[in-house]
Amino acid sequence: MKVAPIKASRSRFSASWMRSGRIDYLWQTFAVLSVAGLSWLYFSMYGQLPPDRNRVLVLAFGCAGTILAVLAASLSVRKRLAYQGVGKLSAWLNAHIYIGIVSAFAILYHSGFRMGSPVPAILLSFYWFTIVSGVMGLWLSRKVPPLLTAIEENPAIIEDLLSVRAECLRGMLELAAGGSAKFSALVKDSLLPQTASWKRMGRFYRNRTTFAEEISAFQKEQEWALGWLAAPEHRAYQRAGEYALRVNKMNAELLLHRVMRGWLTIHITTTAAMFGFAALHIFSVLYY
Amino acid sequence: MNEKTVTSEILSVLGAMELFRGKDRDELTEWLGPAPFEGGAECEPIMIGAGQRIIEQESFGNSFYILIRGTVAVTLMPEGRLLATLTPGNFFGEMTLISGLPRSANVTAVTPCCLIEVPRRAFELWMRKPGAFRDTMDRVYIERGLANHLMMIPELAAIEPQLLRDVVKKARLRIYSKDETIVQEGDDGDSLFLIRDGYVRVVKNMAGGERRTVAYLKDGAYFGESALLRAERRSASVFAMGKVEVIQVMKEDFFALVNRNERIADHLVRIDQKRQEAEQASAGSTTRLGFVGEVVERGLVKATSALVIHLNACTRCGNCVDACAELHDGISRLTRHGMLFEAPSRAPQSAPEPFLVATSCMHCLDPECMIGCPTGAITRDVNGEVVIQDSCIGCGNCARRCPYGNISMADALPQAELEKQRTGTPTIGGYLKFWRTPENEPMMHEIEKNNQKAVVQRIAVKCDLCRDYNYNHGCVHNCPYSAIERTDAETFLDALRSGQ
Ligand code: HEM
Ligand code: SF4
């Protein structure tokens, strides 16, 4: 029996995600035309006009850039305050990116490729930080998920990762506490540093090895330590090693999670600072 | 219903029905009486105007109807073929309650009608009592089920009703549990099977002793006809993949049907040929069947609305979970754990696409969670979504029954408490702590913090498809990267097959 999908809900599945749709092309066209228009205005008109007209043009670039930046920032309102807001958040993000790019050109032409006095200089620095961090974030949002998928055994949320990591560490320390003095010393000096080893984390990223592959390599590396221990402690040491490696792998995952959160923190912070200085800049232009 | 609403007209109609044979007026009044739990749904008399639709084909429902006065017509879409006209003392709507499948036909009032609407919970209680009601229902279920199936096959539309009725009467309903053998390869073919509900796996012995799954069949499909048509032994084994209901039509009855109607014979031969071709084609490649098999084996194929996350697009930002919690009293109805799948890629060299079927109600075709809710609080809406009503008493039956862990028990806390339990965004300091080791601060407080989040079990919570928000799924609507989608099994498999 062919079953009708739940009527009122939208049922869809696209085997290849991130495909450009019609709306994307519209935004891309908007961005290309706007940037072309702004560039034409700047390169063919600016400097050819009388000074007062030039000033109007520069101001117009500034106004356009500011309005577009405010529009871009409205993504935050949709994202945090309007969960049932008009349009999917992905559509808003799309708009955000293209509007942000056009605004960058408007501001670039407004500044005339100069930094100027301290307030505009700081404002522009924050502005460019915002743009660069946005582009970075976009790049990361394409690059990090496949990497995470490759190294995760099962997708986990940051809170789960933290608690499982803590459990693993606890397991390792309990084994150390229950063993001989030599055993404890070895765990502390040799395994504990492995939990936060950047080199090892880098291997997960580079080689995209599975945990099972890494663990056998790791145990080979640690064979020397077994010579120091009595035979009954060998298995316990290997288990402690598994814990250490697991913590390391989770640190690798956590780092990616935090990179994904971190760039957005930077993007939002620089946006807030940029708007603060923009207000100051506008105020100073109007009143002085 | 109470003594006042149970009129003598109702009692006399019910008294004359086979379903209630042997029941006196007091017993009938008691059967129709108030729901066993406070807030539970109870039997209601309803009045319907001429021309009004009582049941919509392909919708889901939670009621069974007994016609007391008036006439109703049962029609099959899309062409509106009239299947039956029912008069007082007839009943309808039981198929969906028993099988969990959508309604198979439209039912419309021809004249003004009076009906008794029996809610699922009362129906289930009646079905538990041995006696005429259960026996009649079991028989009718087979007869109507088989008749419905046969009528879906266009070639059978023209068949003489009497012949169909004879076949239906002789057919048997067989119920198999997971992994049970329905048909054994090499056995004599003595019957044809029609799948009424569930999935079966067709397995063939290949050269070299390999046992290969050559097909998965689901409700609506039939098997076993090849052995009959070719007078051969069974060419493959068939196993139940969960609870499976099949209708068995014996060889003699099958030939009675085929011999009387050439179109049916042609149709069956064509289907048989197609199946042989498909089996031969699949002998060379196992990948796609392998994936379809995985989808079937892990139950995703029952989904009418599964939540799928494309892992290579998901940045793990958690916005979907936050949005869900925000729209549902602070408790998210989805967690980003679940079944991992790797869908084969269409391009020969490219890597398979990984995705996660998140832990969130799939609104299964035959929701196991709905069986045995004491208050009847878990229901299926006409649109198909499985929802928990306010009459939930928190017994946890549905959560235990759901094979996918998609229902959780949560404390019905006041809003302020719920807010506290939500996972907050970490501080900037939090970002810098990924390397923490036990020396610079054991993470015990994190474990404790996590443990604190475990909530007292009080009410069942699950995804309701954001029905209060016009089905604008909060999770999908709020994913910045288009990484999450709700899909039914058919769309999902079709998309993967066509590599869209
Ligand atoms: C005028 C320039 C821009 C401003 C004012 C701005 C502001 C913001 C703000 C406030 C957010 C935060 C939303 C939130 O989480 O509350 C955000 C998110 C984001 N921005 Fe920008 N942005 C700008 C330009 C850009 C550009 C040029 C790009 C990329 C090319 C970009 C990419 C992003 C991305 C990917 C997000 C993340 C959305 C998410 O993960 O939820 N932004 N932006
Ligand atoms: S909102 Fe989208 S990107 Fe974020 S976690 Fe959910 S599915 Fe992944």
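The values are calculated or read from the model by the stated rules, or taken from the named source; none is laboratory data. Predicted, not measured: the structure shown is a model, and the values here were computed from it. FYI the Cβ positions are ideal-geometry reconstructions off the backbone, even for glycines, and counts take in every protein chain you see. These accessible areas exclude ligands, DNA and RNA; they are computed on the full protein's heavy atoms, side chains included. Shrake-Rupley method; radii C 1.70, N 1.55, O 1.52, S 1.80 Å.
Mean-square fluctuation check for chain A, GNM, Cα pairs under 10 Å: which of A:LYS79, A:LYS188, A:LYS220 is largest?
It is A:LYS220.
In terms of modelled amide H atoms, which long-range or inter-chain residues lie less than 5 Å from the amide H of B:VAL183?
Placed amide hydrogens put B:VAL238 under 5 Å from B:VAL183.
Determine how many Å³ per residue the convex hull of the Cα atoms of region B:8-151 encloses.
Working: hull volume 15.4 nm³, N = 144.
With only Cα atoms used, region B:8-151 gives 107 Å³ per residue.
May I ask for the equivalent-ellipsoid semi-axes of region B:344-411, computed as the square root of five times each C-alpha gyration tensor eigenvalue and listed largest first in whole Å?
33, 13, 9
Given region A:158-258 reduced to its alpha-carbon atoms as identical point scatterers, what log10 I(q)/I(0) does the Debye formula return at q = 0.10, 0.15, 0.23 Å⁻¹?
-0.26, -0.58, -1.22
Between A:VAL86 and A:SER284, what length in nm is gained on full extension when 0.36 nm per residue of separation is reduced by their alpha carbon distance?
Details: separation 198, 0.36 × 198 = 71.28 nm, distance 3.65 nm.
Length difference between fully extended and current span is 67.6 nm.
Within chain A, which complete DSSP H helices have Cα atoms spanning at least 24 Å along the helix axis and a mean Kyte-Doolittle hydropathy of -0.5 or higher? Walk me through the numbers on the way to the answer.
Details: long enough: A:22-40 (27 Å, 0.71); A:51-81 (44 Å, 0.80); A:89-111 (32 Å, 1.19); A:118-151 (46 Å, 1.23); A:158-178 (30 Å, 0.61); A:234-287 (77 Å, 0.28).
What comes out of the filter, once short or polar helices are dropped, is A:22-40, A:51-81, A:89-111, A:118-151, A:158-178, A:234-287.
What are the ³J(HN,Hα) couplings of region A:82-87, residue after residue, when phi is run through the Karplus curve with 6.51, -1.76, 1.60 and θ = phi - 60°? Round to Hz, x for glycine and proline.
Here the 3J(HN,Hα) series is 10, 5, 10, x, 5, x Hz.
Which peptide among B:473-483, B:177-187 comes first, and what is the full order, when sorted by highest mean count of other Cβ atoms within 10 Å? Mind dumping the intermediate values first?
Details: B:473-483: 24.1, B:177-187: 13.8.
My ranking of the peptides, most packed first, is B:473-483, B:177-187.
Taking the Cα centre of region A:63-219 as the origin, how large is its charge dipole in debye, to the nearest 20, when only Lys and Arg (+1) and Asp and Glu (-1) carry charge on their Cβ atoms?
In debye, rounded to 20, region A:63-219 gives about 420.
Taking the Cα centre of region B:309-374 as origin, sum charge times position over the Cβ atoms of Lys and Arg (+1) and Asp and Glu (-1), and report the length of that vector in debye to the nearest 20.
Values: 4 positive and 7 negative charges, 44 e Å.
That gives a dipole near 220 debye.
Can you give me the long-range amide H partners of B:THR359? Hydrogens built in the peptide plane at 1.01 Å from N, cutoff under 5 Å, separation of 5 or more residues or another chain.
B:THR335, B:HIS337
Accessible area per residue for chain A in Å², computed with a 1.4 Å probe and the full protein assembly in place, what is it? Provide the component values of the computation, followed by the final result.
Numbers: 14980 Å² over 288 residues.
Each residue of chain A exposes 52 Å² on average to a 1.4 Å probe.
I want to verify the translational diffusion coefficient of the protein assembly as shown in µm²/s; compute it with Stokes-Einstein, Rh as the Kirkwood radius over Cα pairs, at 10 °C and 1.306 mPa s. Kindly include the intermediate steps, with their values, before the conclusion.
Details: Rh = 31.3 Å.
In µm²/s, the coefficient rounds to 51.
Using only atoms on other chains, find how many Cβ atoms lie within 10 Å of each Cβ of peptide B:50-59 and report the average.
1
So, in region A:137-286, how many Lys pairs have Cα atoms under 19 Å apart, if the pair is 8 or more places apart or on different chains? Before the final figure, lay out the partial values.
Values: A:LYS143/A:LYS249; A:LYS188/A:LYS199; A:LYS188/A:LYS220; A:LYS188/A:LYS249; A:LYS199/A:LYS220; A:LYS199/A:LYS249; A:LYS220/A:LYS249.
Pairs that pass both the separation and distance tests number 7.
From the gyration tensor of the Cα coordinates in region B:156-284, what semi-axes in whole Å does the equivalent ellipsoid have, largest first, with each one equal to sqrt(5λ)?
Numbers: eigenvalues 125, 60, 32 Å².
Sorted largest first and rounded, they come to 25, 17, 13 Å.
Using only Cα atoms, locate the centre of region B:1-24 and the centre of region B:75-93, then give the distance between them in Å, rounded to an integer.
When both Cα centres are located, 23 Å separates them.
Tell me which aspartates and glutamates have Cα within less than 13 Å of A:LYS79's Cα, excluding those fewer than 8 residues away on the same chain?
A:LYS79 reaches B:ASP322, B:GLU326.
Computed over the Cα atoms, what is the radius of gyration of region A:69-136 divided by 2.2 N^0.38 Å, N being its residue count?
On the way: Rg = 13.9 Å, N = 68, 2.2 N^0.38 = 10.9 Å.
Its radius of gyration relative to the 2.2 N^0.38 Å reference: 1.27.
Going from most exposed to least, what order do A:LYS88, B:LYS170 have by accessible area with a 1.4 Å probe?
Values: A:LYS88 75, B:LYS170 120 Å².
Ranked list, largest accessible area first: B:LYS170, A:LYS88.
Dipole of the protein assembly as shown (Lys/Arg Cβ +1, Asp/Glu Cβ -1, origin at the Cα centre): which of B:LEU14, B:GLY80, B:CYS466 lies farthest to the positive side?
B:CYS466
Need one value for A:88-96: mean number of C-beta atoms belonging to other chains within 10 Å of its residues' C-beta atoms. Let's see the in-between values first.
Numbers: counts 7, 10, 10, 3, 2, 4, 2, 0, 1.
That average works out to 4.
Please go through the residue pairs A:LYS88/B:LYS462; B:LYS129/B:LYS251; B:LYS170/B:LYS274 and name each one whose alpha carbons sit more than 27 Å apart in this structure. Before the final figure, lay out each step's value.
Details: A:LYS88/B:LYS462 23 Å; B:LYS129/B:LYS251 34 Å; B:LYS170/B:LYS274 29 Å.
From A:LYS88/B:LYS462; B:LYS129/B:LYS251; B:LYS170/B:LYS274, over 27 Å: B:LYS129/B:LYS251; B:LYS170/B:LYS274.
How much FRET efficiency would the formula 1/(1 + (r/R0)^6) give for A:LYS220 and A:SER184, where r is the Cβ-Cβ distance and R0 is 30 Å, rounded to 0.05? Numbers along the way, then the final one.
Values: r = 23 Å, r/R0 = 0.76.
The pair A:LYS220/A:SER184 has a calculated efficiency of 0.85.
What residues qualify as long-range amide H neighbours of B:VAL214, i.e. H under 5 Å apart, gap of 5 or more or another chain, H built at 1.01 Å from N?
For B:VAL214, whose amide H was placed from the backbone, the distant partners under 5 Å are B:VAL202, B:VAL203, B:LYS204.
Would you please report the Å³ per residue occupied by the convex hull of the alpha carbon atoms in chain A?
Working: hull volume 63.8 nm³, N = 288.
Dividing the Cα hull volume of chain A by its residues yields 222 Å³.
Got a number for the accessible area of A:LYS182? Probe 1.4 Å, square angstrom, nearest 10.
Counting only protein heavy atoms, the figure is 110 Å².
Work out the length of the dipole vector of the protein assembly as shown about its Cα centre, built from +1 on the beta-carbon of each Lys and Arg and -1 on the beta-carbon of each Asp and Glu, and round it to the nearest 20 debye. Before the final figure, lay out the partial values.
On the way: 89 positive and 82 negative charges, 463 e Å.
For the protein assembly as shown, the charge dipole is close to 2220 debye.
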